Amino acid sequence: QLRLTAATDAELRISDGLQKFLKGGSQIEDRPGLNTASSSYVAWNWVANKGTTASNSNGSITSTVQANTTSGFSIVQYTGTGSAATIGHGLSTAPTFIAVKNLDDTSSWYVYMNATRANNANTYYMRFDSDDSQSDTGAVWNDTSPTSTVFSVGGEDTSNKASTNFIAYCWTDIESYSKIGQYTGNNNDDGPFVYTNFKPSFVLIKGLDVGNHWVILDSTRSTINPVQKALKPNLTQAEDDDANMAIDFVSNGFKIRGGPSGDGGNINGSYIYGYMAFAEAPFFGDGVSPVT
């Protein structure tokens, strides 16, 4: 088990948490924070390759990959070398969002997002456990953009410490299913509209040029517009039901309703924001039925 986002722990082995993945979900036990009586939980799930992995030698480091090219998602394991390297990700197009974690040490999750306040997204990173803006300190991604076969890492402990195990979750844009991009806030209650070409069911937002919180909004917890039950994954606090962080999910994107009061600056200040969105009912082409 890895504790995502707000935690920096190394990989943990526990006996009373997630037991196994099932075809339609998962089996869990009574781990506090996972299955406590009378508490409500949310889970977001991406299908990889049904547990089947493959060795990938496209990069200078051989990786172990479980990839779903249809949905643009892969899970990548590799061992660091301590010097600049490339790593095969198993997708057919360049990843637009990558989250990397050192499995052996106390370390942040480091995030690449193909959205930036400058021109070179490959020089920047963000951390899931931090509200910091994008940083260009060091060379987490070796100042090199991902390609259709590999992503790059520098020689730093953050993404490539020698003889250390890492995991990376990689996503790429899939038309009518997923979109990673950016928008500029207007610091107004009538916020901008963000075009995705689908109705979202999940949106993750982070200010790029301002120190503010990560925000997750979804249509499972907020079943009608405005969608305003927000979670801040860099914190451990409970869900916020906050109109200042409200958005509308519409047929071809999302409309920002929150801001500028209170926590509204997390999604609509006078700043640039990156986002990751996934569709409620993906539509994969002319004459193809939508699927959930």
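The values are calculated or read from the model by the stated rules, or taken from the named source; none is laboratory data. Quick caveat: nothing in here was measured; it's all calculated off a predicted structure. Quick reminder, even Gly has a Cβ in these numbers, built from the backbone with ideal geometry, and neighbours come from all protein chains shown. For accessibility, only protein heavy atoms count, side chains too; no ligands or nucleic acids. Shrake-Rupley method; radii C 1.70, N 1.55, O 1.52, S 1.80 Å.
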Handout entry: Among (1) part of a strand (DSSP E or B); (2) open to solvent by less than 10 Å² (accessible area, probe 1.4 Å); (3) of a type in the set (Ser, Thr, Tyr), the one test that Ser201 misses
Key = (2)
Practice task
Would you tally the residues in region 88-119 being within 19 Å of Ser145 (Cα to Cα), open to solvent by 20 Å² or more (accessible area, probe 1.4 Å) and in contact with an Asp or Glu (Cβ under 7 Å, 6 or more places away or on another chain)?
Solution key: 1
Handout entry: So Tyr195, is it in contact with a Ser or Thr (Cβ under 8 Å, 6 or more places away or on another chain), in contact (Cβ under 8 Å) with a residue 12 or more places away in the chain and open to solvent by 70 Å² or more (accessible area, probe 1.4 Å)
Key = no
Fill in the blank from the handout: Considering residues that are touching a residue at least 40 places away in the same chain (Cβ under 8 Å) and under 23 Å from Ser63 (Cβ atoms), the number found within region 107-123 is 6
Problem - Residues of region 220-241 satisfying the condition of being in contact with a strand residue (DSSP E or B) (Cβ under 9 Å, 6 or more places away or on another chain), open to solvent by 30 Å² or more (accessible area, probe 1.4 Å) and not hydrophobic (A, V, I, L, M, F, W, C) - result: Thr220, Arg221, Asn225, Pro226, Gln228, Lys229, Gln237, Glu239, Asp240, Asp241
Exercise for the section: Answer yes or no: is there a residue in region 210-218 that is touching a helix residue (DSSP H, G or I) at 6+ places or on another chain (Cβ under 6 Å), at pLDDT below 95 and in a helix (DSSP H, G or I). Expected result: no
Exercise for the section: Would you mention how many residues in region 51-87 are surrounded by fewer than 19 Cβ atoms within 10 Å (Cβ to Cβ) and closer than 17 Å to Thr164 by Cα? Expected result: 9
Fill in the blank from the handout: Taking region 244-271 and keeping residues without any contact (Cβ under 8 Å) to a residue 60 or more places away in the chain, touching a Ser or Thr at 6+ places or on another chain (Cβ under 9 Å) and surrounded by fewer than 23 Cβ atoms within 10 Å (Cβ to Cβ) leaves Asn244, Asn252
Practice task
For region 147-168, indicate whether the set of residues that are in contact (Cβ under 8 Å) with a residue 24 or more places away in the chain and within 14 Å of the chain's Cα centre (by Cα) is non-empty.
Solution key: yes
